Amino acid sequence: MTDASQRAAWQPFAELFRAHAPFVWRVLRRHGVAEADLEDVCQEVFVVVCRRLSEFQGRSSLRTWIYEIARRSALAQRRARLRRAALPESDVELADGAPGPDAALEQARALRWLEAALARLSEEKREAFVLYELEEMTLAEVAEAQGCAINTVHYRVTSARTELQALAARAPRPPRLRWAQGGP
Amino acid sequence: MSEPLERWDHDAPKPFRAAKAAYGQLGPDAEQLERMLERVEQAASLPAAAARGGVWLGSKFWYWLLPALCALGGVWLWMLEPRPAPASIVPKRDAIGHAAPARPSAPAVPAPQRHETKEGVGHGVPPEPAATTAVGSAPRAKRASDPLAELALLDRARRVIGKDPARALALAEEHARHYRAGQFAEERELLAIEALVRLARRAAAERRARLFRRAHPNSVHAHRLGVILSPAAR
């Protein structure tokens, strides 16, 4: 088989990879894989996906199945490194700050807020919330991924919303606001 | 049964809405994606990797590789597959050397297959296990889907779409007939839409794209679909 034909034969899996790799990346990161290791572990996940594709029987969605492989890979990698995964401690204020002049800066700020807020949730709530609200998996898929009932996922997501809503409602005055009102 | 739960949107706090808008961009950049894909291909493609001299070899590798090579040639050699299909994802020490922990069996949740196949182009009838199997693959007759066989069929379509889009479209329709409950319906539809664009059947392509978007509103292939339908793709 020539290289060109091999490349063509690989195309369907390549499309599957491109479709799911960002999701896997985020799962690994969220489960504590160090930034420097993300590429390697992400590659390993998809080698496993490729090898085990014949075992996939469609009892769950493909995304849930891939999620499980990624989660376990992250766990195995963390254990191998004897390092406890944790979201970074953040002292970012959780109030809604003034809009920045630059969209990218605003996005970065919003993501830092979200990361800090999610860190305050329990692991189960955080994962359910992220999978449902951000990764937009279905309730059934999240239940499958977490190994719990759909009602439990429903509770975790709505409870997380309540907590995040409360965090967003806290509004300590940011320093620059004081400056805007007459200087330091 | 729980009430349906809508995504947190209008009543979500502003920081969350802003973060969600940015969240989807988190991930590897294009260069990282292609680099990882190439390495996955090297690890999974023994002949090509052997030529480059950088392949990992392990005895278990052959259990995947031979069926995969035969699938690419259109012939299944299932007698060489040493292990029965597990009922669930049973953690084993995989070829990479990671020992994943054991996991309890799947909880009682509504059958995802029922959920995932009630939507989707070409899935207009209640799902039933795809009975189509490759020659000599009796052990697989009861499976609801056959991912490698699906990929092999879609691969054949992909290989000819440039020079014979009509043939590619026919192969995509064959996939729709044989794998109604298959896992690669979205990929099939993308191929079919691209084939229609190449055949200058623009209206049909856009009609099929509308059905795709309705059936898969959160598809990860949304961007690719836009590229296929863009005027520059003509």
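The values are calculated or read from the model by the stated rules, or taken from the named source; none is laboratory data. As the structure is a computational prediction, the values presented were derived from the model and not from experiment. Because the Cβ atoms are built from the backbone with ideal geometry, glycine has one as well, and the counts that use them run over all protein chains shown. Remember, those area values only see protein heavy atoms, side chains included, never the ligands or the DNA or RNA. Shrake-Rupley method; radii C 1.70, N 1.55, O 1.52, S 1.80 Å.
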(message) Tell me whether the range B:190-200 contains one or more residues that are surrounded by fewer than 18 Cβ atoms within 10 Å (Cβ to Cβ) and at pLDDT 90 or above.
(response) yes
(request) Among the residues of the range B:37-56, write down those that are at pLDDT 90 or above and in contact with a Cys (Cβ under 6 Å, 6 or more places away or on another chain). (result) none
(message) So, in the range A:84-137, exactly how many residues are at pLDDT 50 or above, open to solvent by 50 Å² or more (accessible area, probe 1.4 Å) and in contact with a Lys or Arg (Cβ under 8 Å, 6 or more places away or on another chain)?
(response) 2
(request) Considering each residue of the range B:174-198, count those that are in a helix (DSSP H, G or I) and at the interface with another protein chain (Cβ under 10 Å from one of its Cβ atoms), and give that number. (result) 5
